[in-house]
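The values are calculated or read from the model by the stated rules, or taken from the named source; none is laboratory data. Because the structure is a prediction, the values reported are computed rather than measured. Using ideal geometry, Cβ is built from the backbone for each residue, glycine included, and neighbour counts are taken over all protein chains shown. These area figures cover heavy atoms from the full protein model, side chains too; ligands, DNA and RNA do not enter into them. Shrake-Rupley method; radii C 1.70, N 1.55, O 1.52, S 1.80 Å.
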Amino acid sequence: MPSRRPARALIAASILDSDLGALADEIRRADAAGADRIHLDVMDGQFVPNITFGWKTIEAVRRITDLPFDAHLMISEPGRWVEQFLDAGCDSITFHVEVDAAQVRPALVRIRDARRSAGLSVKPGTPLGTLDPYRDLLDIVLVMTVEPGFGGQAFMADVAAAKLAPARAWLDPAGAGEVQVDGGGRRETAEAIGREGTDVIVAGSALYRAPDMAAELARIRAIADAARTPTLERAG
Ligand code: DX5
Ligand code: ZN
């Protein structure tokens, strides 16, 4: 469970745009390239207009790497399926605050009870204030900087500027828990992300379409870290 803000930005490789026919190799590739996490985008065709994979697939590739598995559930009924994703070996489970409110708190409690990290995500148009009732149960706030559903979309800089630093402060000004940014994370947007003190950068297409994944990942991290340090010094 994340407790302290890490000294550098962590990179979570989203396998959404990888070659899913060679998923095990694609996860090994991210591991070898220096990724800190594997980000797994689960979509049900209801919450978002796309369908990806489910807990059986995650379970099947869990043994490929020791890297933490971050599940990002873009599904309408996370409460119905949370047990399966826990059993599949996810280290963190993040779902969307926009789902039917009755299932939010019980699902977060279940994730915490299983000693995994619990997260909620907000779509670009959803205010951070919707998270207020759940603050005591959150290890992760995942800020979407694209509309959820597809990789390779343009980064919404206005959403990042409006939400990332406030999410960090809201979660815990002392640095506990983590803020993740998802959508359009790449070298061109890493400075804007780093400036806001964001803990985890999800990167999908930027990594999997790069000619040299390790170099690209290092570049994104270096740009984010360089932008982040002065901000933290000013704040501290
Ligand atoms: C979108 C997913 C993202 C996606 C990011 O709904 O949640 O994790 O894979 O892809 P890129 O990095 O290409 O924007
Ligand atoms: Zn995602």
*Identify the single condition in (1) farther than 28 Å from LEU20 by Cβ; (2) open to solvent by less than 40 Å² (accessible area, probe 1.4 Å); (3) within 16 Å of ligand 1 (Cβ to nearest atom) that GLY125 does not satisfy, given that it satisfies every other one.*
(2)
_Matching option when the condition is open to solvent by 10 Å² or more (accessible area, probe 1.4 Å) and touching a Pro at 6+ places or on another chain (Cβ under 6 Å), among ASP87, ASP100, ASP113, ASP91_ = ASP91
*Out of the residues in the stretch 187-204 that are open to solvent by less than 10 Å² (accessible area, probe 1.4 Å) and closer than 14 Å to SER18 by Cα, which is nearest to ligand 2 (Cβ to nearest atom)?*
VAL202
*Looking only at the stretch 11-21, and only at residues there that are open to solvent by 30 Å² or more (accessible area, probe 1.4 Å) and not in a loop (DSSP other than H, G, I, E, B), the one that is nearest to ligand 1 (Cβ to nearest atom)*: LEU16
*Restricting attention to the stretch 172-202, which residues are outside any loop (DSSP other than H, G, I, E, B) and either of a type in the set (Phe, Trp, Tyr) or in contact with a strand residue (DSSP E or B) (Cβ under 6 Å, 6 or more places away or on another chain) (or both)?*
GLU178, VAL179, GLN180, VAL181, ASP182, ILE193, VAL200, ILE201, VAL202
*asked:* Looking only at the stretch 62-106, how many residues end up being hydrophobic (A, V, I, L, M, F, W, C), more than 19 Å from ILE38 (Cβ to Cβ) and in contact with a strand residue (DSSP E or B) (Cβ under 6 Å, 6 or more places away or on another chain)?
replied: 1
*Among the residues of the stretch 206-213, is any of a type outside the set (Lys, Arg), touching a Pro at 6+ places or on another chain (Cβ under 7 Å) and not in a loop (DSSP other than H, G, I, E, B)?*
no
